[in-house]
Amino acid sequence: VRCIDWADGAVRLIDQTALPDQERWLDVTDPDELVDAIRRLAVRGAPALGAAGALGVALAAHRATHLTAAGYEQTVRAAAARLRDARPTAVNLARGVDRALARLGEGSAAVLAEARAVLDEEAAACRAIGERGADLLQQGRPLRILTHCNTGWLAAVEWGTALGIVTVLDERGWVERVYVDETRPLLQGARLTAWELAARGVDHRVVVDGAAPSVIARGIVDAVVVGADRIAANGDVANKIGTYPLALAAARAGIPFVVAAPESTVDLTTATGGGIEIEERDPAEVTAGPAYNPAFDVTPADLVTAVVTERRTVRPSRGETL
Ligand code: MRU
């Protein structure tokens, strides 16, 4: 099952705001409804956002075929711009939009074919990341892994990046326990990752974000494995807020801090993490009063033991660049 796909002239997606209480699927028929779904995190996670961007352009093209050539182009490009701007940090969103848009001149069927290729490529990449990451971490004994946010099939179309590694390790019998950061403010760990791990029967414990560094310091975690929303050329990693303290704690404890992401999340046009726009979200997600609510943080390259993609393993902490 894919968390987002094309179905009968609509974009079908599982509404991640309703999980784990309800498994509710939405058929989105208007690109602006999809913009709204992206903003409120009904669909989220970098690879799934790439899929949403590409499918959104396909949806706009599908709906505009009755227009004149000029009207078609103008309508689809305007919808594409709104989709691209829906969230700023995960580079996959803009990439997915731009890939589908590049086929606009060939007609709506070509745009949809490109969007479908984005989904297929993300799904295939995750399988490869899972195998490569498991090979990297496997030590001949079951591991205790700490992860943050949600990086499973809900976030990555079909399989998962960091959670894909956990899944492959589990298939091989090498997972003892997964510590799942709650992931404030919207609880993608406690709601989504715990739900995915429970479905697989993987032993797991939710920990509140504030507890995670000291859980690592207690010596009961063998590796931290997280995803990414954008990886700069120098190996700096933007990921869900609360990732950076995990990297600090992992470095202090001498355990690996591994980032799992497809090549589509690597942004060589951004030299360092300082160039990555960090999304700020509504204070109402945190409190009724004033709040500063950054959705992501940047972990500096020197704290990143390895970046695992479908093609390569890069070691930023040894000075390797992407
Ligand atoms: O705000 P979200 O839920 O979209 O943030 C998602 C993350 O930070 C994930 O860790 C990242 O996108 C990798 S998803 C495989």
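Placing T147, T272 in order of accessible area, with the largest value first and a 1.4 Å probe, yields T272, T147. Residues H66, H204, ordered by accessible area of protein heavy atoms at a 1.4 angstrom probe radius and largest first, appear as H66, H204. Using heavy atoms of the protein chains and a probe of 1.4 Å, the accessible area assigned to R200 is about 100 Å². Shown in residue order for the range 249-265 are the 3J(HN,Hα) couplings computed by the Karplus curve 6.51 cos²θ - 1.76 cosθ + 1.60 at θ = phi - 60°: 5, 5, 4, 4, 7, x, 10, x, 10, 10, 10, 10, 7, x, 4, 5, 9 Hz (x for Gly and Pro). Note on A217/W25: beta-carbon distance plugged into 1/(1 + (r/R0)^6) with R0 of 35 Å gives a FRET efficiency of 0.25. Going by a ≥ b ≥ c, the root eigenvalues of the Cα gyration tensor, does the range 124-206 fall in the rounded group (a/c under 1.5), the prolate group (a/b larger than b/c) or the oblate group? It comes out oblate by the Cα gyration axes. Per residue, the chain reaches -11500 deg cm²/dmol at 222 nm when only DSSP H runs of four or more residues are counted, each adding -39500 (n - 2.57).
For the range 163-316, the fraction of 1.4 Å probe accessible surface lying on carbon and sulfur atoms is 52 percent. When D120, D229, D5 are compared by accessible surface with a 1.4 Å probe, the order from highest to lowest is D120, D5, D229. Of the residues V207, V57, V224, the one that moves most in a GNM of the chain with alpha-carbon contacts below 10 Å is V207.
For the range 310-315, putting each phi into the Karplus relation 6.51 cos²θ - 1.76 cosθ + 1.60 with θ = phi - 60° gives couplings of 6, 10, 7, 10, 10, 10 Hz, in residue order, rounded to whole numbers and with x for Gly and Pro. Let me check I've understood the local charge: for D203, count other residues with C-beta under 9 angstrom from its C-beta, Lys and Arg +1, Asp and Glu -1. What total comes out? Neighbourhood net charge equals +1.
Over all distinct Cα-Cα pairs of the range 191-320, the Kirkwood formula returns a hydrodynamic radius of 15.8 Å. Working note: Cα atoms of the range 117-271, range along each principal axis, descending, whole Å: 42, 33, 32. Note on the chain: antiparallel DSSP beta bridges, both residues inside, total approximately 50 percent of the bridges counted. The Cβ shell under 12 Å around A100 holds other residues with a net charge of +3, Lys and Arg each +1, Asp and Glu each -1. Evaluating 6.51 cos²θ - 1.76 cosθ + 1.60 at θ = phi - 60° for every residue in the range 170-180, the Karplus couplings come out as 5, 4, 7, x, 10, 10, 8, 7, 10, 8, 10 Hz, glycine and proline recorded as x. Going by alpha carbons, how many degrees (0 to 90, nearest 10) lie between the helix axis of 91-101 and the longest principal axis of the chain? With both axes taken from Cα atoms, the answer is about 30 degrees. Against the chain, whose longest principal axis comes from its Cα atoms, helix 108-137 is set at around 10 degrees. Taking amide H as placed 1.01 Å from N in the peptide plane, V28 has its amide H under 5 Å from the amide H of V11, R12, L13, each at least 5 places away in sequence or on another chain. All distinct Cα pairs of the range 267-322 go into the 1/r average, and the inverse of that average, the Kirkwood radius, is 13.6 Å. In the complete set of protein chains, residue-level accessible area for T305 is approximately 40 Å², probe 1.4 angstrom.
Pairs of C-alpha atoms in the chain farther apart than 34 Å represent 19 percent of all such pairs. Using a 1.4 Å probe on the protein heavy atoms only, what accessible surface does W153 show? Give it in Å² to the nearest 10. So the heavy atoms of W153 present about 50 Å² to solvent. With R₀ set to 25 Å, the beta-carbon distance separating D203 from D135 gives a calculated FRET efficiency near 0.70. Neighbours of A128, meaning other residues whose beta-carbon lies under 12 angstrom from its beta-carbon, give a summed charge of -2 when Lys and Arg score +1 and Asp and Glu score -1. Fully extending the segment from A69 to R311, taken as 0.36 nm per residue of separation minus the present Cα-Cα distance, adds 83.1 nm.
Over the chain, with a Gaussian network built from C-alpha contacts below 10 Å, which listed residue (G140, G152, G289) shows the highest mean-square fluctuation? So, out of G140, G152, G289, the one fluctuating most is G289. Comparing A288, A211, A233 in a Gaussian network model of the chain (Cα springs below 10 Å), the most mobile by mean-square fluctuation is A288. Take the chain with all the other protein chains still there, run a 1.4 Å probe, and you get 39 Å² of accessible area per residue.
The values are calculated or read from the model by the stated rules, or taken from the named source; none is laboratory data. Just so you know, these numbers come straight off a predicted model, no measurement behind them. Please note: Cβ atoms are built from the backbone with ideal geometry, for glycine as well, and neighbour counts cover all protein chains shown. The area values use the complete protein model at the heavy-atom level, side chains included, leaving out ligands, DNA and RNA. Shrake-Rupley method; radii C 1.70, N 1.55, O 1.52, S 1.80 Å.
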